[in-house]
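**Student:** I have a structure here, written as structure tokens, and I will follow up with some questions on it.
The values are calculated or read from the model by the stated rules, or taken from the named source; none is laboratory data. Predicted, not measured: the structure shown is a model, and the values here were computed from it. Cβ placement follows ideal geometry from the backbone for every residue including glycine, while neighbour counts extend to all protein chains displayed.
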Amino acid sequence: MTRKPLTNITEQKRAADALRRSERELRQVIETIPAMVWTALPDGSNALMNRRWTEYTGSSAAGLGWQGAVHPDDLKRHMEVFSASSASRSPFEDEIRFRRFDGEYRWFLVQGMPLVDDGANILKWYGIVTDIEDRKRAEQVLREQASLLSLTHDAILVCDLNGILKYWNRGAEELYGWTPEEATGNLTHGLLKTVFPTSLEEITAEVMNKGRWEGELAQTKKDSKQIVTASRWSLQRDEKGSPVGFLETNNDITKRRRAEEALKRNESYLAQAQSLAHIGSWAFEVPARKLLYLSDEWYRLFGFDTKDSLPTWEQRVQRIHPEDRAGNQAAINRAIEEKSNLDVEFRILLPNSTVRHIRSVGHPVLDPSGDVTQFVGVAMDVTANKQAEEERERLRRAQAELAYINRVSTLGELTASLAHEIKQPIGAAVTNAEACVRLFDRDQPDIPEAREAALEMVKDARRAADIIDRVRSLYQRGSSELEAVDVNEIIREMAVMLQNEAHRRSVAIHTDLAAALPKVMADRVQLQQALMNLMLNGIEAMQETGGDLSVRSQLVGDGQLLISVADTGVGLPADNVDKIFDAFFTTKSQGTGLGLAITRSIVKSHRGRIWATANSGRGATFHFTLPSTVAVAA
């Protein structure tokens with residue numbers, strides 16, 4: 001019989017004893033832990049359940065076991081979690097319900113850690129079971145509170161104190177793009193930090209300290225679009241008053257914020273436009289005479305400080321020039337009484353004695369019963385316009401004075417011609433008077449012939465009187481008086497008046513006048529002067545050589561009358577043709593340079609146009625247009 005060799009197992013025995021002692025010591029330690037601690041074999045079967053487990057379930061590991069204590073609705077899912085962790089040799093945690101010895105179920109967080117050997121084989125499982133019933137109840141409270149708001153379009157979010165999302169309503173899905181399945185549970189601060197780029201720590205710290213927080217947040221949606229929300233956070237507590245999580249509501253105000261920004265820009269543009277145009281807007285309450293709104297430019301126009309409160313009605317009245325207050329108030333009262341628009345001009349007197357001219361235009365606001373409750377409008381600084389009007393009036397008077405001087409000077413030069421023109425009808429009247437006397441002195445007075453001679457004498461006297469009247473009208477000062485004028489008649493009058501002057505310069509006057517021309521609205525004397533200046537200009541251009549002066553009238557497009565004065569004289573100055581209508585420009589040795597300038601002013605004041613062209617042969621032609629009464633009516 002062969003004997004087996006002896007093996008020294010002393011070290012193995014010592015190791016085994018040490019392991020047993022360690023397990024006993026570990027078991028003693030586990031029994032003192034105030035939580036349910038467990039160990040399990042690789043297949044998940046019970047190895048150890050501590051005293052706390054036995055006390056809670058009322059059974060030992062060898063009896064009911066942990067599977068029997070798990071809620072039936074949770075067991076299958078939990079085994080799937082355990083199997084997945086076993087396959088991956090990784091820790092796990094799961095929330096399941098365990099039954100207490102009295103039949104009540106409570107929620108617990110089960111956490112397990114595998115013990116793995118060098119060959120990656122699981123030797124044993126170690127774990128701990130933590131009571132989370134209070135937390136689950138708090139979460140349920142949060143969900144119930146959030147569900148009450150599930151019908152709103154606001155985004156409702158619920159997360160616990162660790163930042164884990166527990167609720168994500170339809171409004172949140174519509175706003176941010178993530179579904180509730182994507183957002184809750186497995187997504188924590190990663191999603192929140194995408195949605196809320198602002199420091200969450202600052203917000204949650206304030207909520208924990210004050211119980212609530214609200215403000216505006218710039219946020220990012222799932223599709224990376226930027227939005228602005230009005231966000232409100234509140235701290236949620238359990239039945240014992242302990243904080244358990246946060247309830248958040250978020251409302252998209254991106255459009256409103258953009259509209260507000262656009263409104264601010266528009267208000268800025270309006271303020272700049274009002275400043276540039278010197279226009280201030282206003283509104284006042286009618287019954288109480290109370291100013292409701294004044295723009296910054298209104299403050300500036302009336303000399304008030306925008307930093308001060310709205311001035312009173314009396315303070316506004318005090319800014320109005322004392323001489324204009326009554327008229328301003330009467331205009332406002334009339335607009336209120338008649339429920340009509342307000343349009344009034346007045347002066348304001350600033351504290352530094354500066355005077356401004358203001359035009360105020362307003363519109364009434366009526367209530368449902370038709371009574372005027374408010375007036376809104378604008379105040380415009382028209383000081384520059386008033387000054388320009390005064391300057392234009394001064395220039396008009398100066399121009400009228402120059403025109404008068406020009407007429408007097410021209411008529412002075414025409415004294416000999418006018419004297420001859422007047423002498424002719426007077427001489428004819430004397431001759432007819434003498435013939436009338438002779439016819440009466442006959443033995444047999446020739447009454448019919450004497451009567452004929454007397455009638456001719458009357459005609460000659462009237463002709464002389466007409467000539468004197470025309471000359472006298474040109475000598476008179478006076479304001480412009482518009483009337484319907486026959487242009488052809490004026491051309492004929494000027495042709496008669498200047499006939500002798502033309503004959504003296506060997507110039508023949510011809511007229512070519514269109515029949516049935518419409519009349520023009522014009523100042524008769526000014527139109528006479530314009531024609532006289534142009535005709536004399538043509539006559540003087542031919543004083544050395546003689547020639548023909550042609551005056552033509554015709555109707556052209558748009559109801560405009562075209563009058564042309566053509567001569568066969570020296571023509572236009574080649575180097576300065578663009579200056580011939582400038583004041584004091586002349587090519588004549590004795591000229592004043594005012595005739596053509598005044599003529600242009602007269603034509604422009606009648607809304608006409610004047611220009612000059614060189615003839616194909618000798619001389620030049622001056623043209624000017626006048627709107628007919630037909631064109632004015634159109």
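**Student:** Being closer than 23 Å to A288 by Cβ, surrounded by 15 or more Cβ atoms within 10 Å (Cβ to Cβ) and more than 25 Å from the chain's Cα centre (by Cα) is true for just one of R316, R347, R356. Which residue is that?
**Tutor:** On the way: R347 fails: closer than 23 Å to A288 by Cβ; R356 fails: closer than 23 Å to A288 by Cβ.
Every option except R316 fails the conditions.
**Student:** Given the conditions (1) within 13 Å of A40 (Cα to Cα); (2) buried (at least 17 other Cβ atoms within 10 Å of the Cβ); (3) out of contact with any Gly (no Cβ under 8 Å at 6 or more places or on another chain), which single one is not true for Q67?
**Tutor:** Here Q67 clears every test but (2).
**Student:** Can you pull out every residue in the stretch 303-325 that is aliphatic (A, V, I, L, M) and not in a strand (DSSP E or B)? Talk me through it step by step, then tell me what you get.
**Tutor:** To start, the set of residues in the stretch 303-325 that are aliphatic (A, V, I, L, M) comprises 310, 317, 320.
Answer for the stretch 303-325, where residues must be aliphatic (A, V, I, L, M) and not in a strand (DSSP E or B): L310, V317.
Residues checked against (1) more than 17 Å from P287 (Cα to Cα); (2) in the same structural domain as A288 (by TED's automatic domain parsing):
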{"residue": "D324", "(1), (2)": "yes, yes"}
{"residue": "E338", "(1), (2)": "no, yes"}
{"residue": "S360", "(1), (2)": "yes, yes"}
{"residue": "K386", "(1), (2)": "yes, no"}
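**Student:** Looking only at the stretch 514-539, how many residues end up being more than 51 Å from the chain's Cα centre (by Cα) and either assigned to a loop (DSSP other than H, G, I, E, B) or surrounded by fewer than 17 Cβ atoms within 10 Å (Cβ to Cβ) (or both)?
**Tutor:** Summing the residues that are more than 51 Å from the chain's Cα centre (by Cα) and either assigned to a loop (DSSP other than H, G, I, E, B) or surrounded by fewer than 17 Cβ atoms within 10 Å (Cβ to Cβ) (or both) in the stretch 514-539 gives 3.
**Student:** Read through the list (1) assigned to a helix (DSSP H, G or I); (2) at pLDDT 90 or above, then give the number of the only condition that F284 fails.
**Tutor:** For F284, the failing item is (1).
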